[in-house]
Amino acid sequence: GCGGDGGSGGSAGDGKITMGFSQVGAESGWRTANTKSVQTAAEAAGVTLKFSDAQQKQENQIKAIRSYIQQKVDVIAFSPVVESGWDTVLKEAKNAAIPVILTDRAVDSKDTSLYKTFLGSDFVEEGRKAGKWLTEEFKDTKDPVNIVELQGTTGSAPANDRKAGFAEAIGTDPKFKVIASQTGDFTRAKGKEVMEAFLKANPDIDVLYAHNDDMGLGAIEAIEGAGKVPGKDIKIITIDAVKDGMQALADGKISYIVECSPLLGPQLMDLAAKAVKGESIPARVVTEETTFTQEQAKEALPSRQY
Amino acid sequence: MSVLVTGRRAVPRKYIPVLVTACLFVAMFVAGGVRYDSFATGQIVLNVFIDNAFLLVVAVGMTFVILTGGIDLSVGAVVALSTMISASLVTDQGWPPAAVIPLVLAIGAALGWAMGCIIHYFEIQPFIVTLAGMFLARGLCYTIGTDSISITDETYTALAQARVDLPGGMSVSPSVVIALVVVLVAAYVLHYTRLGRNVYATGGSEQSALLMGLPVARTKIAVYTISGFCSALGGVLLSLYMLSGYGLHAVGMELDAIAAVVIGGTLLTGGSGYLFGTVLGVLVLGLIQTIISFEGTLSSWWTKIFIGLLLLVFILLQRLISVRRRT
Amino acid sequence: MNTVLRHRLLWPAVILAALLLTNLLFTDNFFAVQMRDGHLYGSLIDIVRFGAPLILVALGMTLVIATGGIDLSVGSVVSITGALACLRISGMDDQNAVSGVVAAAGLALVLSLVLGVWNGFLVAGVGIQPIIATLILMVAGRGLAQLITDGQIITVNSGPYKLIGGGYWLTLPFGILIVLAVLALTAALTRRLALGLLIESVGGNAEASRLAGIRSRGVIIAVYTFAALCAGIAGLMISSNVSSADGNNAGLWIELDAILAVVIGGTSLAGGRFSLGGTVLGALIIQTLTTTIYSIGVPPETTLLFKALVVTVVCLLQSPAFREKVFHRRRRPVTAPPAAEEKVKVPA
Amino acid sequence: MAAPVPILRMRGISKEFPGVKALSGVDFRLLPGEVHALMGENGAGKSTLIKVLTGVYDIDAGEIELGGEKVAFASPLAAQQAGISTVYQEVNLCTNLSVAENIFIGREPRRLGRIQWGRMRRRAAELLARLELDIDVSAPLSAYSLAVQQMVAIARAVDISARVLILDEPTSSLDTGEVAQLFRVMRKLKEEGIAILFVSHFLDQVYEISDRMTILRNGRLVSEHLTSELGQVELVGKMIGRELADLEKLEGKPLARETKALMEAEDLGRAGAVEPFTLTIHEGEVVGLAGLLGSGRTEIARLLFGADHAGTGSLKIDGRPVSLRTPRAAMNHRIAFCSENRRAEGLIPDLTVRENLILALQAARGWSRPIPRRRQDELVEKYVSVLKISPANPEQLIRNLSGGNQQKVMLARWLILEPRLLILDEPTRGIDVGAKAEIQRLVASLSDGGMAVLFISAELEEVLRLSHKIGVLRDRRLVAELDNDDDLTTDVLMETIASGARA
Ligand SMILES: Nc1ncnc2c1ncn2[C@@H]1O[C@H](COP(=O)(O)OP(=O)(O)OP(=O)(O)O)[C@@H](O)[C@H]1O
Ligand SMILES: Nc1ncnc2c1ncn2[C@@H]1O[C@H](COP(=O)(O)OP(=O)(O)OP(=O)(O)O)[C@@H](O)[C@H]1O
Ligand SMILES: [Mg+2]
Ligand SMILES: [Mg+2]
């Protein structure tokens, strides 16, 4: 709960909200869907959206936020590229009495009054969900379970957290062994290439855990190329649930997907309207996310938007 | 070999490209002011400085290297490494900034020095040596840690949030002051000291410089050391800007720095160019960014296309006007 | 001449061999190549197959660098062609129609030619420095690719298209065959015909070449076009390999790898002499290094350190000055004249 | 003369390059207060001797003593610090820097570490004025012709107060006036007790200035003599190892006016380079251009070849108007141009002798019609032997050839094109006496065969010997066109140049 007093009145006088939104980039289909969702929701809510793309660079985001302050927007929303390093610019926003909403990723600032709320998923939790399903699935086997992991871009927040959450969930049981772990840069091509190398170096892999669908989809091709059957010989767990991933899940090639929903737009516009009016809003809003098994995927597939 | 009739024009011909660049920059700024509300303010220009102080410092170092005909691809990684070392020492180890900052600067300079030595004594192309340096510095970042580390130290925070007030309600950050001091010192070195002139001579023709009895070895090693130092200083400024250390900071900054230098009219083959051009180059890149964020309606891909287009128009005009003037 | 050539490629070859042997320590039967379903299968084949796009891009880059230029836009061209081809194919009623796939690929390659001419025009026609001229397309091109794909990954399901980058023909991966064909074509154009001489001459001394009557403008436009075409083919291969086009990530940073391959192969970034064989070796070294990292399980955090180490060793070994200074001194201690450092310093 | 205690002594110097033994066991001494000429054919090892002395190359064997102390310089810098100041054969200056800087770089006048630009420019102007050169010292060196650059290099070397001054072919592009000026300076330095090492292929100059000479042949020492004790004929004999067949005087040719006009330039000009001029070149005619340094000879040549765009006037070939926008267009009309600046505008240093030699022919044929290797080898073999290019290995990189041999390759590049008009700008720069005679004979015989030649040389005798007609330039203006009849002598030419009057 943060006090939205005096300061917000002036700029929102005409009732039409101007929002500055700084996106990380367009590095994946997921991200594009996220952008689209924000844009369409803004239009639907009658919010004037100032959009900028940071091309994965924090400095660009800071610049964008600074320029939003300069342009005197009513509310600023952004998906931080990385957790730390936002204090200075957020303080400037606070001084200018512009409320800030974080989407998708959190910041690690100690001073929580710098932003109104954080709307988004919890990457660590996603990793945990993936790990939990795995322990469930293999709870009856006594043999060691050989896991290979395709990490996201080295150092990126989702890669770090999804790895940590997964490790936490399987950590207690010695039969789960991560025998190889390498970055696939969140891309299909890399996912395929790395998986081929894994398959050559390790003859018996039981499970693949990929930090996103795309790498998983690339890996499927590698597995098929090596003459194995994805989903049977090697169980595959991925995160995101984009359409191609869901299709593969429905086809039985992927075994389990943890959803990470990009459709934050409507929720964001809601929160923004409240923030501008000065109404109190919860400090943490978790997006509604679920997990999919193969059966659930078949059901959900026809209505998937992205 | 075209002929120059000297003394015909008040402005020496060698300054024309830089002047053209400066005029174009002003034109771009005016165009922005016409198109967007609350654009044509002094603070916008100052913000460009604030947001690009670190790039400016890095580009200064890069200018030295490019003037000798070399190239330094390691700068972005060294910037990241400096932020990472600063953050981990200050936050995790509790070192005082007064000890950390000199250490970081020394590490950057030492890295540059080592690359310079390899380039000169083993006669290996700068591209490949500094690329290895880039891998090394980024690799070192990840060995320190893959997460980003916040800097909460008071000195850093105070420095980061301090503003130097200027008349007219405008202000700049201390980083801008530091960057401008670096620019002035570097311009002095390039223009008024032997080292600076040796840099130009080496870039003009390394063999000639050698035969003229110039200390080519010292000069070449010096420019990479300077570049390493500037990158480290850029890293310190970036850690002030971001208040964090992170292995993925400044990805691709080497390209921005090179682009800034070259847009400023410096020849990549060495021996010709001015530091003032580099400052303009950085400002142009920064202003393009600002225009993009004021435009505010561009999708991610249109952003890229638009940046490319602005760059193209700028370079084309710069080129065409300079050529027209010359003939 | 022959001995010189052999000499120049000796060290890259030694390094490649050493890297391959390192793998043997970690993966038994690393060198085994088997026949599986009528395809050749094995790590060695994989290295060439995955390296194929890089080899292609590096071949084009070699010629550009030989003229004293550089092409940063190849990565963007890779993503644009892949995107365009996949867009066309995904819009077809029957994705398996060969003629449609050929038309789509052809269209994409034509686009890459246009982009190459554009680069060449900026460099040779307008006189912009190559690094900036191609930077423009590097930045805008990726936007263009995303514009084509609308920011999404376009997945296609086309057998004929899959063949380009992921299929087999005559037991060999089709990609390898493409590389061989392009390599043969390049070698023929540059070494059989006189293009190589003209390129080397333009890169060695542009003004002297002009005065010798070489149309350097044409030569420069040609090499940029060729580089873009190579990148275009590589783009088709990369997107076909995963049956999808990723406007943002396809070919990301491939320009850096390609330049590195060229430089490792012994071509100077200053222009002049070039070596196609060296470039192929260079690209193979890079790809082997990547594969090695995966297969010996270097953790992702230390991958870059490992790369730095290998690249440093590679370039040190390749440097005649280094070999001279480190190995030579020991070999002729008695009759040697005082080495540079020990020379008498004469006061001024 | 002072007691002969050598300031510099080299003993048993050997230097081997891959495949070439450039020096073997050469002894050399240099006395203070003496001008010592180092003589030898192209590729004899003169420049190499100078380079090993000044630390550009390591020596394989032998020792060097300077002022009685054993030395081995790690770099030209060290040599310079020890008091050896050198002008190397190719002009080795930084053309991107200003003239003043090129003279003073490394020794700039400073106060508190700050370079004093004003003082530097003033001193540079003074220094050049002493060599009677009046140019804008703050302009970049690249704005000036090679001859001016050579003067600047000399000015730089002369100003470094040294014990030893080495001049490797400093006069190859200079005309008589400049040479005289240089010699005046050299004499003054000599009187100050400085030892001067001088290399030149102009025998007259050598005899005028030197006190002593050392002769090299094929990297070996032949002998050392006092100049006064060795006649020209003997000298040449010692240099080339046999008697030189006397240069038969190319007797006065019938004037070539009767033949068809090949190229007519009318009011052709280019602002800032050369004033509009009118010149006709007939088939089989050798037209010489004479003028002082910077008088615009090179500019005329470049305009006629399309290397620069003409601002005014028109050009006709075979009576038909043409516009030469590029060198390539000129080559299509079978015009060839051999530039005076072989390093910047001629050589492709990374390519071999063979490749450099066939380059223009290949360019003319286009990329798709390679010259068959056998034909290449024939051509190369022919010209290597005609011009005595050494080493005779066509696969040697051209940058490893001696300066004179590089020049021969440049000439051969254009000769194999068999052009109708051959423009030669200082073609005999740095070429030894034997080969020079050979080249002159070649030019004469080619023009007999119908080829027109535009011949530019700083050496007036040479111009006079070869040309049917001589154009005289002064201050970038073609002031006179003289028929080469019996009345025309170098003196008349000099006078025309000086007075600018039409004869
Ligand atoms: N760097 C090099 N590599 C290989 N051979 C070389 C190199 N430099 C010189 N040479 C060879 O050494 C020999 C001597 O060359 P040098 O330049 O000393 O001749 P020079 O007497 O100065 O001739 P010129 O009168 O033509 O200048 C030549 O045969 C030349 O080809
Ligand atoms: N006072 C000067 N003396 C010499 N050169 C000058 C002078 N002033 C200018 N120059 C430059 O030097 C160049 C000489 O022109 P050009 O090359 O045509 O002369 P040249 O007659 O061939 O003489 P040379 O080659 O012997 O110097 C011109 O381009 C001119 O710009
Ligand atoms: Mg010589
Ligand atoms: Mg001339």
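The values are calculated or read from the model by the stated rules, or taken from the named source; none is laboratory data. In this text, all values refer to a predicted model and were calculated from it rather than measured experimentally. Note: ideal-geometry Cβ built from the backbone for every residue, glycine included; neighbour counts use all protein chains shown. The accessibility values were calculated without ligands, DNA or RNA, using every heavy atom of the protein model including side chains. Shrake-Rupley method; radii C 1.70, N 1.55, O 1.52, S 1.80 Å.
For the protein assembly as shown, the share of accessible area belonging to carbon and sulfur comes to 57 percent (1.4 Å probe, ligands and nucleic acids excluded). A simple packing score, the average count of other Cβ atoms within 10 Å per residue, orders the peptides D:24-37, C:70-83, B:219-232, D:118-131 as C:70-83, B:219-232, D:24-37, D:118-131, with the highest score first.
Would you work out which of D:Ser402, D:Leu464, D:Ile431 lies farthest towards the positive end of the dipole of the range D:261-499? Charges go on Cβ: Lys and Arg +1, Asp and Glu -1. About the Cα centre, the residue reaching furthest to the positive side is D:Ser402. Count Lys and Arg as plus one, Asp and Glu as minus one, and take only other residues whose Cβ is under 12 Å from that of C:Val101; the net charge is then +1. Between 0 and 90 degrees, the angle of helix D:353-365 with respect to the longest Cα principal axis of chain D falls at about 20 degrees. About its Cα centre, the dipole of the protein assembly as shown is roughly 1580 debye, where the only charges are +1 on Lys and Arg Cβ and -1 on Asp and Glu Cβ. Interface residues of the range C:107-144, defined as those losing at least 30 Å² of solvent-accessible heavy-atom surface relative to the isolated chain (probe radius 1.4 Å), are listed as C:Val126, C:Ile128, C:Gln129, C:Ile131, C:Ile132, C:Leu135, C:Ile136, C:Val139, C:Ala140, C:Gly143. Calculated FRET efficiency, C:Thr171 to A:Thr290, Cβ-Cβ distance, R0 = 45 Å: about 0.45 to the nearest 0.05.
On the principal axes of its alpha carbon atoms, the range D:275-322 extends 33, 27, 17 Å, with the longest extent given first.
Taking every alpha-carbon pair in the range D:261-499 and binning the separations at 5 Å intervals from zero gives 1, 7, 14, 18, 20, 17, 12, 7, 3, 1, 0 percent. Of interest is the spacing of the C-alpha centroids, which for the range C:145-181 and the range B:28-64 amounts to 43 Å. Contact-buried residues of the range B:270-307, at a threshold of 50 Å² lost accessible area versus the chain by itself: B:Gln289, B:Ser293, B:Phe294, B:Gly296, B:Ser300, B:Trp301, B:Lys304, B:Ile305 (1.4 Å probe; DNA, RNA and ligands ignored). Given +1 on the Cβ of Lys and Arg, -1 on the Cβ of Asp and Glu, and no further charges, what dipole in debye does chain C carry about its Cα centre, rounded to the nearest 20? That gives chain C a dipole magnitude of about 1420 debye. Per-residue mean of foreign Cβ neighbours for C:286-296 is 3 (Cβ atoms of other chains, 10 Å radius). Residues C:Thr290, D:Thr171, sorted by accessible area with the largest first, give C:Thr290, D:Thr171 [1.4 Å probe; ligands and nucleic acids excluded]. Where Rh denotes the Kirkwood radius from the mean inverse Cα pair distance, what is Rg over Rh for the protein assembly as shown? When Rh is taken as the Kirkwood radius, the ratio is 1.01. The residue among D:Leu235, A:Tyr256, D:Ser323 whose Cα reaches farthest toward the positive pole of the charge dipole of the protein assembly as shown, with charges on the beta-carbon of Lys, Arg, Asp and Glu, is D:Leu235.
About its Cα centre, the dipole of chain D is roughly 1700 debye, where the only charges are +1 on Lys and Arg Cβ and -1 on Asp and Glu Cβ. Shape class of chain B from the Cα gyration tensor (axes a ≥ b ≥ c, square roots of the eigenvalues): oblate, since a/c reaches 1.5 or more and a/b does not exceed b/c.
So what's the gap between the Cα centers of the range D:436-503 and the range B:238-256, to the nearest angstrom? Comparing the Cα centres of the range D:436-503 and the range B:238-256, I get a distance of 68 Å.
Taking every DSSP helix (H) stretch of at least 4 residues in the protein assembly as shown, weighting each as -39,500 (n - 2.57) and dividing the sum by the residue count yields a mean residue ellipticity at 222 nm of -16500 deg cm²/dmol.
Do any residues of the range C:240-269 show a loss of at least 40 square angstrom of accessible area between the isolated chain and the full protein assembly, using a 1.4 Å probe, and if so which? Residues meeting the cut-off: C:Val242, C:Asn248, C:Asn249, C:Trp253, C:Leu256, C:Leu260, C:Val263, C:Leu269. From the Kirkwood radius over Cα pairs of the range C:55-278, Stokes-Einstein at 4 °C and 1.567 mPa s returns a whole-number translational diffusion coefficient of 75 µm²/s.
When nucleic acids and ligands are ignored and a 1.4 Å probe is applied, A:Asp270 ends up with an accessible area of around 100 Å². Here are some pairs, A:Lys16/A:Lys94; A:Lys142/A:Lys192; D:Lys46/D:Lys382; A:Lys57/B:Lys304; which of them have Cα atoms lying more than 18 Å apart in this structure? The answer is A:Lys16/A:Lys94; A:Lys142/A:Lys192; D:Lys46/D:Lys382. Counted by Cβ distance under 10 Å from A:Glu126, the other residues give a net charge of -3, where Lys and Arg count +1 and Asp and Glu count -1.
Interface B-C: total buried accessible area of about 3800 Å², 1.4 Å probe, protein heavy atoms only.
Evaluated at q = 0.05, 0.11 Å⁻¹, the base-10 log of the normalised Debye intensity for chain D, with identical point scatterers placed on the Cα atoms, takes the values -0.19, -0.98. Only protein heavy atoms count here, probed at 1.4 Å, and on that basis chains D and B bury about 2700 Å² of accessible area in total.
The shape of the range D:8-244 comes out prolate: with a ≥ b ≥ c from the C-alpha gyration tensor, a/c is at least 1.5 and a/b beats b/c. On the principal axes of its alpha-carbon atoms, the range D:369-494 has extents of 48, 29, 27 Å, going from largest to smallest.
Accessible area per residue was computed with a 1.4 Å probe on protein heavy atoms; B:Asp256 scores about 50 Å². Of all DSSP beta bridges confined to the protein assembly as shown, the antiparallel ones make up roughly 45%.
Other protein chain C-beta atoms within 10 Å of residue C-beta, averaged over A:86-95: 3. Peptide B:46-56 is shielded by partner chain Cβ atoms: per residue, an average of 2 of them sit within 10 Å of its Cβ. Shown for chain B are the DSSP H helices of 24 Å or more along their axis, judged by Cα atoms, with a mean Kyte-Doolittle hydropathy of at least -1.0: B:16-35, B:42-67, B:97-121, B:126-144, B:174-192, B:216-242, B:275-295, B:300-326. Between D:Arg110 and D:Thr312, the contour length at 0.36 nm per residue exceeds the Cα-Cα span by 68.0 nm. Taken per residue, the accessible surface of the range D:261-499 reaches 35 Å², heavy atoms only and a 1.4 Å probe.
When the convex hull of its Cα atoms is viewed from all sides, the range A:137-270 shows a mean projected area of 8.9 nm². Averaging Cα coordinates gives a centre for the range A:59-118 and one for the range B:98-118; these two points are 33 Å apart. Here is the interface size for C with A: some 2400 Å² of accessible area buried, both sides summed, with a 1.4 Å probe. Heavy-atom accessible area for D:Leu424, with the other protein chains in place and a 1.4 Å probe, reaches approximately 0 Å².
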